[in-house]
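Working notes, structure below.
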Amino acid sequence: MINRTFVNKHSNIMLRLYQSLVRPKLEYCIQAWRPYLKKDIDLLEKVQRRATKPMTSDKSLSYTDRLQKFGLTTLETRRLRGDLIEVFKMFKSFDNVTLNDFFKLSSTTLRGHTLKI
């Protein structure tokens, strides 16, 4: 739809449109329904692969090269980062959840701190 709607297809404009219109839809509530099947992960990644293709004039660039060129990361990396942020929020009590519902904490305080999982 972005390709059909916008006449100016400069790479910076297309990147901003992708980041503001498409990627939020792909990442909505991702920590709750995180896909774990390879086919589901590939299906989501295919959207980003397809969206970055028209942004470059060099059609021989691979997907990873296009991501590096535009300063993007894979959606799988973004999901992992989001998971780590959620765990940090749980441990620092920014979220109102009980840690014992999700993690089994170490009962010993030897060699470190009490936040060992």
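What follows is calculated from the coordinates using simple rules that are stated; it is not laboratory data. Being a predicted model, the structure only gives us computed values, none of them experimental. Note that we place each Cβ from the backbone using ideal geometry, even for glycine, and neighbour counts take in every protein chain shown.
Side notes on the structure shown:
- For the chain, the mean residue ellipticity at 222 nm estimated from helices alone is -14000 deg cm²/dmol, where every DSSP H run of n ≥ 4 contributes -39500 (n - 2.57) and the total is divided by all residues, rounded to the nearest 500.
- Residues K92, K69 arranged by fewest to most Cβ contacts within 10 Å: K92, K69
- The residues packed around F102, meaning those with a beta-carbon under 15 Å from its beta-carbon, carry a net charge of +1 if Lys and Arg are +1 and Asp and Glu are -1.
- Gyration tensor over alpha-carbon atoms, the chain, equivalent ellipsoid semi-axes in Å: 38, 15, 13
- Each residue in M1, M90 was given a count of other beta-carbon atoms within 10 angstrom of its own, and listing them fewest first yields M1, M90.
- Distance between the modelled labels on N8 and L37, one decimal in nanometres: 4.2 nm (7 Å Cα→Cβ projection).
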